[in-house]
Structure formats: structure tokens, C-alpha cells
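One structure is given here, and the rest of the page talks about it.
The values are calculated or read from the model by the stated rules, or taken from the named source; none is laboratory data. Only a predicted model underlies this, so the values are computations on that prediction, with no experimental measurement involved. A quick note on method: Cβ atoms are made from the backbone with ideal geometry, for glycine too, and the neighbour counts reach across all protein chains shown.
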Amino acid sequence: MAGTLLYVVTLLTALGFMLIGYDNGVMGGIINEAPFQTTFHHPSSSLLGTIVAIYEIGCCAGSIMTAFVGERLGRKRSIMIGAVVMLGGAGFQAGVSSSGAMIGARVVSGLGMGFLNSTMPVLQSEVSPKASRGRFVCFQLTLLNLGIMIAYWTGYGFAFVDGSKAWRIPVAMQAIFIIPILVLVFIVPESPRWLASHGRSQESLEVLARLQGKPIDHADVVAQHREIQQAVEIEQSLGSGKWSDLLHEDDLKSRRRLIIACAIQFFQQIGGINGLIFYMGNFFALVSDKPALLAGAVFTWFFAASFIPWFLIDSLGRRKLFLACIAGMAAIFAIETGLVYKVQTTNSKVAGGVATAFMFIFMGLFTIGFQANVWCYTAEIQPLRMRQKGASIATACNWITNYAVVQFTPSGIANLGWKFYIIFAVINAAFLPPIYFFFPETKGLSLEAIDLIFAPTAAQEAGEDKLQVAHLEQTNTREGDVELKE
């Protein structure tokens, strides 16, 4: 049975993901409304794209900064810094009245988000039980989608309000999530795996006991602590943890694992999801006369559908969900291309309705197989001493790709119309071969046992044969499932 601390940490990271979702959705709900357009003197599609997308540049810079300082700071202090910077950025955004100032304010907010977004998934993966680690990350992403839904409906509600407060209040509402994060981060302890890797073994043992809700000398607590310590010793013996480890292939395959993490983050964003999230109203304007209402409805469905992977990610595994859902997303983009063409050339209401229905299906497929899955995989695929660096660099890849997609989407829709969507159909289809051939399965394995996929020699030196560990993992997973049912 999990301890209370596990749920407190999960609440902290959940608020962080809800903030990510709210920030992703809030601009999409206000940028096309008259109060925002009036305040910023009706910006061109290019300037509007910059106002929205520059946030991703800040996020990317924050992620890179976290890669350099996050491991030294620890998970707690990295989150604290991110939340403080974001609180200042939210106030800055809510108070500006010019495009240049808004761009600067969004960069500041992005810097803070880079710290949070690089650290929250790592912290959650390091405290979650291996048998249900994916489910815990799914919970975070469900709340991210809740944040997007709240942002869109908030924007829709304030569309009926006059004056600049119609957009300033939704922007300022980020503080509703940030302030509780600052309170909770003072309550929770540091990650047990970070403590162990920094020579604080006894503190690590105490935190593990609190996370499991068991005495410090309980067999399960001692066994997990021993496993973590063995992983630390292996990595220290190999010299793992230096930046140079990312540039050459060491015994832990650190470079290969970083490439996998960066690739899956790149795939998630270049596939077009945030182009749709930020500009969902623009898409529905192509096929419907009620774009804002439909956008709110689709994000309500996006939130509801995000409960589905809770029951799949730790049973079907990461790879099957990636492959099945991405194949479906590629097919839907191809279908949408034809439907939007039909709407634009014949003004067909039927085609518009079908296009809307397929967009609902697309968002469902994305959240089932390509949302929580990515954040879970990115954190767990990294070796312990490289986890913060690797996760931060992979997150930076996510944000810089996000920036590119959000920047070119308004111009793409304006200039290419229906042709714009075939690009994403081809891109999504191209993800399937590398995932099938190069991405290993990680479900049910402890973070330490994942090293065995890449470094069997190191595992044997620690006295654990790969097959024996696999057997133990399967046994522990079954026992964990029974414990969860009880």
C-alpha cells in the first residue's frame, strides 16, 4: 500500500501538468477575440504566431538551463525556481498592452515552465511504483488536458466580457495553479533516487519508507533501497553522469538513450498536435460557423479520453500504444485533407461535420497513445545520473519543435488551406519505422532494471543476470497488481 507522501508528490506534479495544459490552451481561447485584437492593434497572422509561439522559445531555454543546473539543484529546488519565475511571468503578461512587451512576458513565463516541465516528469517517475508508473504519469496528463479544457472554456466565457479584462483575467488565472505548487514544494522531500546518487543514502531510505507507507526496516523498502544503491554504484564505476557521456557511447548506452528520448519528444510535436491545440478555433473556422464552441467541446472530449490510457499503458505497454495510435493519427490527417478541401471548394456542411468528427477521433488517439506515453518514456529511458540532463534536453527538443509548429501553423493555414494537413499525415506515418525497430519496451520494469536492456555487462558485474532480473520484475509486477487490487 502506497504511503501518503506518494499522493502528496503526485498532487504537486499534477498541479504542474495542469498549469502546462492551461498555458497551452489559454492563448488559443483569447487571441481571436475582439478585446485581445483591439489591445494589440489587430496583429498580423505572422505577429500573432510570434506572440503565441515565443513562449516555446522561453520553455526551450528554461529546459536547457535545467539540463546544466537541475542535477545539482535537485528536483525540489528546480521546481521552486520554475514556479517563482512563472508567477512573475504571469503577472507580467496580464499587465502589458503592447506586442513587444507581451513577447517579453511570454519568454519569462516560458523560462519558468522549462524548469517545471523538465523536472516534474522526472520526479514523478522516480517516486512511482514500477507496476503502476505509467498510470501515475497518465494521471498527470489527464490533468494537463483538464488545464487545456479549463483554459478554452474560460476564454469562451470571457468572450462575452467587454474590455481588456476579457483576456487579462484568463492570463492572470495561471496563479491559481502556481501558488499551490509553491506551497507543496516546501512540504515534499527530495527524490529518493536523487538523494542516493548524491551520497545521501540514509535520507533516501527514509523517503522510500514514507513513499511506500512502511517501516524503514521493512523488506520491500530495504530491497528497493539496495537496488537503487547498486545502480548508483554501477554508474559511478562506469563514470556515468558527465556531459561527455552524451557525446559517445558508454557501457550504459547513454547517447543512444538520449537520442531515443529526444526523438520521441520531437515526434510528438512535429506531428502537429500543438498546431491544433493553439489554433483549434482556426481549424474549426474552416469547417463550422461556431469555431469557439466546437473547440471547447473537443477539449472537453480530450480531457475525458485521457482516462483511457490509465488502463492500457501498464498492460499493453508503451510500444503498442505508440504504433497503433500514431498509425491512426496519420490516417486521420490524410482524411482531413480531403474533407477540408471539400468544405473550401463546395462549402459542404456534411464534409464539415465529418471533419469535425474526425478531429474528435484524432484528439482521442493522441491522448491514448502519444501523450502520457511520451512523458513516461522520456524519463524512464534515461540512466539515473543522466536522468535530469537527458530529460531536460529531450524536453528542450519538445519545446523548440513546438515553437516551430506553432509559428508556422497560422501562415500554413492561411496560405495552403486544405493542403496544409497532408504534411502532417506524411510526418506521422514516418514515425512508425523508427519506433518499431529502435524503441524498446519498458513496461513493468523498475528504473534500475531498464539499464539491463542497454547494459547487460554492467548488470552482470553487479551480480544480476539479465534473465533473473526479468523474472523478478515479472513476479514483482504480478505482486504489485495483486496489492493494488487489494
Cβ pairs under 9 Å, 6+ apart or interchain, first in region 97-124 and touching a residue at least 60 places away in the same chain (Cβ under 8 Å) and within 16 Å of Gln174 (Cβ to Cβ), second assigned to a helix (DSSP H, G or I) and among the acidic types (Asp, Glu), ordered by first then second residue, are Ser109/Asp23; Gly110/Asp23; Gly110/Glu56; Met113/Asp23
Just one listed residue, out of Ala304, Ala219, Ala231, is of a type in the set (A, V, I, L, M), within 27 Å of Cys376 (Cβ to Cβ) and at pLDDT 80 or above, and it is Ala304
With the first residue restricted to region 433-456 and required to be in contact (Cβ under 8 Å) with a residue 24 or more places away in the chain, and the second required to be outside any helix (DSSP H, G or I) and of a type in the set (Asp, Glu), Cβ contacts under 8 Å at 6 or more apart or on different chains are Lys443/Asp314; Gly444/Asp314; Ala455/Asp251
Checklist entry - Within region 447-463, can one find any residue that is under 26 Å from Ile260 (Cβ atoms), out of contact with any Asp or Glu (no Cβ under 9 Å at 6 or more places or on another chain) and modelled with pLDDT under 85? => result yes
The residue that is nearest to Arg385 (Cα to Cα), considering only those in region 160-209 that are under 22 Å from the mean Cα position of the chain (by Cα) and polar (S, T, N, Q), is Ser191
Among the residues of region 281-294, the number that are at pLDDT below 70, under 16 Å from Ser45 (Cβ atoms) and among the aliphatic types (A, V, I, L, M) is 1
Exactly one of Gly364, Gly369 is within 29 Å of the chain's Cα centre (by Cα), surrounded by 24 or more Cβ atoms within 10 Å (Cβ to Cβ) and either closer than 28 Å to Phe266 by Cβ or free of Cβ contacts under 8 Å to residues at least 40 places away in the same chain (or both), and that one is Gly369
Looking across region 182-235 at residues that are aliphatic (A, V, I, L, M) and outside any helix (DSSP H, G or I), the single one that is surrounded by the most Cβ atoms within 10 Å (Cβ to Cβ) is Val188
Checking Ile313, Ile270 in turn, the sole residue that is buried (at least 17 other Cβ atoms within 10 Å of the Cβ) and at pLDDT below 90 turns out to be Ile313
Residue set Ala379, Ala394; condition surrounded by 24 or more Cβ atoms within 10 Å (Cβ to Cβ), within 30 Å of Ile51 (Cβ to Cβ) and of a type outside the set (Phe, Trp, Tyr); output residue Ala394
Expected output for region 147-172 (first residue assigned to a loop (DSSP other than H, G, I, E, B), partner not basic (Lys, Arg), Cβ below 7 Å, 6+ apart or cross-chain) is Ala159/Glu33; Ala159/Ala166; Ala159/Ala292; Gly163/Pro35; Ser164/Pro35; Ser164/Thr39
